[in-house]
Every structure is written in C-alpha cells, then in structure tokens.
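The values are calculated or read from the model by the stated rules, or taken from the named source; none is laboratory data. Quantities reported herein were computed from a predicted structural model and do not represent experimental measurements. So basically every Cβ, Gly included, is an ideal-geometry build from the backbone, and we count neighbours across all protein chains shown.
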Amino acid sequence: MTKDKKQSTNNVSEHDEAMDTSIGENGAENTGPAYEDKFKFMNAMASPVAPKKLAKKLFKCIKQGTKQKNYIRLGLRETQKYIRRGEKGLVVFAGNVSPIDIYSHMPVVCGMELISR
C-alpha cells in the first residue's frame, strides 16, 4: 500500500509540471520557454490562440477540476464518448498535437452537440 501512495503523489507532481503557465507561484518567470516561443510548435488548426491571461485562467480552472473525480475528461476517445452521450462542458484542444488528423473532426462533433470549444 505504501508504494501506491508514493506513486500517486508522483503522478500529481508530474501532472502539475505538465500544466506549466510559465509564471511561478511567487509571480516570477520560470526558466521554461516564453509564452510566445511556444507558438512555434503549434499546428495549423490551433487558431485562435487564447491570450496569455486567459490561458493562465484555463490552466488554473483545469487544475481545480482535477481535484474532483469526474470533472476532467482526458484524451480524445473519452472526450468524444461523453460528448456523444450528451454531457455538456468546455473542450480545450492542445495546439501541439501532430498529426492534426487525430483530432481534426472534434470541432465538428462539438459543434453538432453545441458545446463550447
């Protein structure tokens, strides 16, 4: 049992690192790439891009949602399954997915179900 607890705390820290907003908790800039530098790695479908202030609010909202069990749907398959079942919510697409054919149909699916994207 103790190994499981240690693994679960490691997963949380890895998840928090993945949601980097490039601003630390004390207001200082992190050493990672700047917000504008990340645009180099985005695909053609990733427009319009959320402004830096809105992106920070989105990351904060997602981080709060991870504390609840069924608030966040991760992955294309799970997201599409719950959209087709009629679950409502907000869909946030990653801009660095390659090839874009993986999720190019999702805006249409969200549009048919009238979900914000």
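A few comments on the model shown:
- For the stretch 92-107, the tally of residues that are in contact with a Leu (Cβ under 9 Å, 6 or more places away or on another chain) and exposed (fewer than 12 other Cβ atoms within 10 Å of the Cβ) stands at 1.
- Test: residue in the stretch 70-91 that is within 15 Å of the chain's Cα centre (by Cα), within 18 Å of ALA50 (Cβ to Cβ), surrounded by 10 or more Cβ atoms within 10 Å (Cβ to Cβ) and of a type in the set (Lys, Arg): no
- All positions within the stretch 68-98 that are without any contact (Cβ under 8 Å) to a residue 40 or more places away in the chain, in a loop (DSSP other than H, G, I, E, B) and not small (Gly, Ala, Ser): GLN68, LYS69, ASN70, TYR71, ILE72, ARG73, LEU74, ARG85, GLU87, LYS88, VAL91, VAL92
- Flag if LYS56 is surrounded by fewer than 14 Cβ atoms within 10 Å (Cβ to Cβ) and either touching a residue at least 24 places away in the same chain (Cβ under 8 Å) or at negative phi (or both): no
- Taken over the stretch 12-38, the residue count meeting the criterion of being surrounded by 10 or more Cβ atoms within 10 Å (Cβ to Cβ), assigned to a helix (DSSP H, G or I) and at pLDDT below 80 is 3.
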